[in-house]
Structures are given as structure tokens and as C-alpha cells.
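Read through the structure below, which is laid out as C-alpha cells, and then see the notes.
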Amino acid sequence: MQVAQLSVACRAALQEIWTSELNPTKKRFLALGLVASTTTLNDGAMLGEWIPRFDGILDQEAIEEAVLQTLLFAGYPKTIEALKIIRKHFPQASAGKQVDNHKVSGHTTSKIIYGEHHARLIQIMDELHPDLTRWMIEDGYGRVLSRPGLSLQEREITVIAALMSSGMVNQYGAHIRGALFTGIEVDDIIWFTNVFGCIIAVEMRAAFEKVTNKILATVNQ
């Protein structure tokens, strides 16, 4: 699937929203979404353009964590290229981090994100391949998503931006639900997905909107 590159209109819309009056949570979510989407789209020019604007909103550690996390969705090559851009602004990398027990931490984090659907997730992954389950829990949710440096809410909002950018609608639905389970307000999720709607490939926008509405409709049931 072809990933949409940011149009001039989309860039202008994001800039306009950035300069509007936003509460601190929305401002930080917007910044994290911009880091994740530009990394996923391999848009180093836009990432480099925006990094100075994050001053007072995201520190170096938060920017690096958002990029490192996007490895799970964009792969090593795009993550490496994004980190090269970051090094131009922050020549010295932040200190490395290590999660003590990847398996235990991974299960804890994934259970928060998937809630009552966690057992079904494990079953589905095992049916695809048991090694995939182990890698997902230990590497994805353990080594990466359980790291300090960003809250779990911030990590979920960053995941959502990466999935929107890469057109992965099924996983997007799971993480919209996960964002709710981590305590993100419905209004903030609606706002965020509307803001970054222009990043989704045009032919995929209806599918993403349908999934968003389906998940959010369950909140008050």
C-alpha cells in the first residue's frame, strides 16, 4: 500500500493547529504525533523543521523515545534516518535505558492496552506464529513500550499516529481501544484523529473513520 506523503494543505493545517490555543495535553500529543508521523513517512525534512518548535513541549528524551518506539511500526531504516536528524539538533544521545524483565513488563503493559481482549490477542498471535507472540510481548511491549521516558498514554497516542501514517487500520482500531484503556479522554482521541486525518492515504480515510466511530461508540454502552 502506498503511504500518503504530506500535502501542502496538510502541512499548513498542522501548522495552524500548532499555533492555535491548545491545552498542554493536546500540545504534547500533537508534538508526539508529528514526531511519529514524520518518522513513519521518512520525512526527515519536516521532522528537522519541527524539532525546534517543540522547545518547552517535548525535551530531547521524549523526542528520542517517540522515534525509538516508532521502530516497531516503521522499521530500523526509517528509525535510523530519523535519529540522524535528531543528532543534528541534539549531538549527544540521551542515556540508554533497560527494562528489567521484558516478559513480565511486556505482559503487564499489553494487559493494560488490551484489557479484556488480551487473552484473545495472545490466541490470535499464537495461531499466526508462537514466536511472533513472544517477540510482541518481550520486544514490543516489554523492551520498547514499557520503557521510561514517556507515559503509557503518550506512547499509545504516538502508536496511533504511526499506524495512521502507515495505513494499518486493523492495528489502529486495537490501539484506539488501548488509548481508552490507558485513560485518554474520548474528546482528546477524537481531536487527535481529526487533526492527523490528513496524513492518512486518501483511499484509506473512510476505513479509519469507520473504525474510530465503531470503537468510540462502545464507550457509553
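Read-outs: derived from the displayed coordinates by stated rules, not from any lab. Remember, predicted model here, so these are calculated numbers, not experimental data. Here the Cβ positions follow ideal geometry from the backbone for every residue, glycine too, while neighbour counts run over all protein chains shown.
Of the numbered criteria (1) surrounded by fewer than 16 Cβ atoms within 10 Å (Cβ to Cβ); (2) more than 22 Å from Val8 (Cα to Cα), the one Ile176 fails is (1). In contact with a Phe, Trp or Tyr (Cβ under 9 Å, 6 or more places away or on another chain), part of a helix (DSSP H, G or I) and either without any contact (Cβ under 8 Å) to a residue 24 or more places away in the chain or closer than 25 Å to Cys10 by Cα (or both), is that true of Lys78? Spelling it out, it is not the case that Lys78 is in contact with a Phe, Trp or Tyr (Cβ under 9 Å, 6 or more places away or on another chain), part of a helix (DSSP H, G or I) and either without any contact (Cβ under 8 Å) to a residue 24 or more places away in the chain or closer than 25 Å to Cys10 by Cα (or both).
Filter the stretch 147-157 down to residues that are outside any helix (DSSP H, G or I) and in contact with a Lys or Arg (Cβ under 9 Å, 6 or more places away or on another chain) and give me whichever is nearest to Leu34 (Cα to Cα). Only one residue tops the list, namely Gly149.
For the stretch 151-173, a residue qualifies if it is more than 20 Å from Gly115 (Cα to Cα), surrounded by fewer than 22 Cβ atoms within 10 Å (Cβ to Cβ) and not small (Gly, Ala, Ser), and exactly one does: Met168. Scanning the stretch 134-145 for residues that are within 14 Å of the chain's Cα centre (by Cα) and closer than 18 Å to Ile63 by Cα yields Val144, Leu145. Ser146 passes every criterion in (1) touching a helix residue (DSSP H, G or I) at 6+ places or on another chain (Cβ under 7 Å); (2) more than 23 Å from Glu64 (Cα to Cα); (3) free of Cβ contacts under 8 Å to residues at least 60 places away in the same chain apart from (2).
Within the stretch 158-215, the set of residues being assigned to a loop (DSSP other than H, G, I, E, B) and of a type in the set (Gly, Ala, Ser) comprises Gly167, Gly183, Ala201. For first residues located in the stretch 188-207 and within 19 Å of Pro24 (Cβ to Cβ), partners that are buried (at least 21 other Cβ atoms within 10 Å of the Cβ) and of a type outside the set (Gly, Ala, Ser) and lie 6+ apart or on another chain with Cβ distances below 6 Å form the pairs Phe192/Phe29; Phe196/Met164.
Restricting the stretch 4-61 to residues that are among the charged types (D, E, K, R) and within 21 Å of Gly167 (Cβ to Cβ), the residue that is surrounded by the most Cβ atoms within 10 Å (Cβ to Cβ) is Asp43.
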